[in-house]
Amino acid sequence: MITFTRTCTDEGATAALAAGLADVLAPGDVITLEGDLGAGKTTFTRELATALGVPAGSVSSPTFVIVNIYPVPTRRDGLARLVHIDAYRVTSDEDLEPLGWDQLFDANTKQAARDAIAIVEWPGNVAHAMPAENARVHIRIRATGQHAREFSLIFPDDFRSRKFAEWLIDRPPIRCPKTTRWTKPTAPTYPFFDKRAQDSDLFGWLTDSYNIATPPKEE
């Protein structure tokens, strides 16, 4: 298992972390989210969905309906939908059948359907219906301030072979030194937000726009 922790000081950093995770995920993946009420589980899900191309305004907590399904317009690698489950009110297997659970998850592996990624809040209430711990992404969120959050992430070992995974594991979200926008860990231009910011920084060096201070000469 791959374990690491990220501290996000504001919502922008959280969005950058979620965007990095979105770059690594693939159809069939299950992400389990744990944290106290108000820790930011739905907020993180919204940022993940946005990174996948889902309109942010369409993402809401499914506390009462239990399951929300969001179409993914990018259809990257065959991904067509994000399944968002809030199991807070689930008390037994009888609660799962009316939700069409067998259409959302593979009956044998318990992974998400082949065209979906599933993110599950309060996974302890449906633990028997979740993949084994070494076959899913697990994230625990802890509030450390009004907008600050600590994320403890656990990935299966085979995630290391995925594109961008090493960057996500090794790099934290960072503010771009040119634009001050939060840069996702998987950005090819890291620590710059994008190619434009990277080129702007390079241009500054090439044109001597940056002045390197030197100590004054002694009289």
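The figures follow:
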{"quantity": "Hits in segment 16-44 - residues which are in contact (Cβ under 8 Å) with a residue 40 or more places away in the chain and hydroxyl-bearing (S, T, Y)", "calculated": "T32, T42"}
{"quantity": "Residue that is nearest to G12 (Cα to Cα) [pool: residues in segment 177-196 that are among the hydroxyl-bearing types (S, T, Y) and part of a loop (DSSP other than H, G, I, E, B)]", "calculated": "T180"}
{"quantity": "Selected residue (criterion: surrounded by the most Cβ atoms within 10 Å (Cβ to Cβ)) from residues of segment 130-174 that are of a type in the set (K, R) and closer than 21 Å to P188 by Cβ", "calculated": "R171"}
{"quantity": "Test for P216: is it at pLDDT 95 or above and either over 23 Å from the mean Cα position of the chain (by Cα) or assigned to a loop (DSSP other than H, G, I, E, B) (or both)", "calculated": "no"}
{"quantity": "From T63, T43, T14, T50, residue being touching a Cys at 6+ places or on another chain (Cβ under 7 Å) and surrounded by 13 or more Cβ atoms within 10 Å (Cβ to Cβ)", "calculated": "T14"}
{"quantity": "Output for segment 112-151, where each listed residue is part of a loop (DSSP other than H, G, I, E, B), in contact (Cβ under 8 Å) with a residue 60 or more places away in the chain and under 21 Å from I2 (Cα atoms)", "calculated": "M130, P131, R136"}
{"quantity": "L202 being surrounded by 15 or more Cβ atoms within 10 Å (Cβ to Cβ) and either under 20 Å from V24 (Cα atoms) or without any contact (Cβ under 8 Å) to a residue 24 or more places away in the chain (or both)", "calculated": "no"}
{"quantity": "Flag for D23 being exposed (fewer than 14 other Cβ atoms within 10 Å of the Cβ) and assigned to a helix (DSSP H, G or I)", "calculated": "no"}
{"quantity": "Residue count, segment 50-93 (criterion: more than 25 Å from G124 (Cβ to Cβ) and either of a type outside the set (S, T, Y) or in a loop (DSSP other than H, G, I, E, B) (or both))", "calculated": "17"}
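The values are calculated or read from the model by the stated rules, or taken from the named source; none is laboratory data. Source: prediction; values computed, not measured. We place every Cβ from the backbone using ideal geometry, glycine too, and count neighbours over all the protein chains shown.
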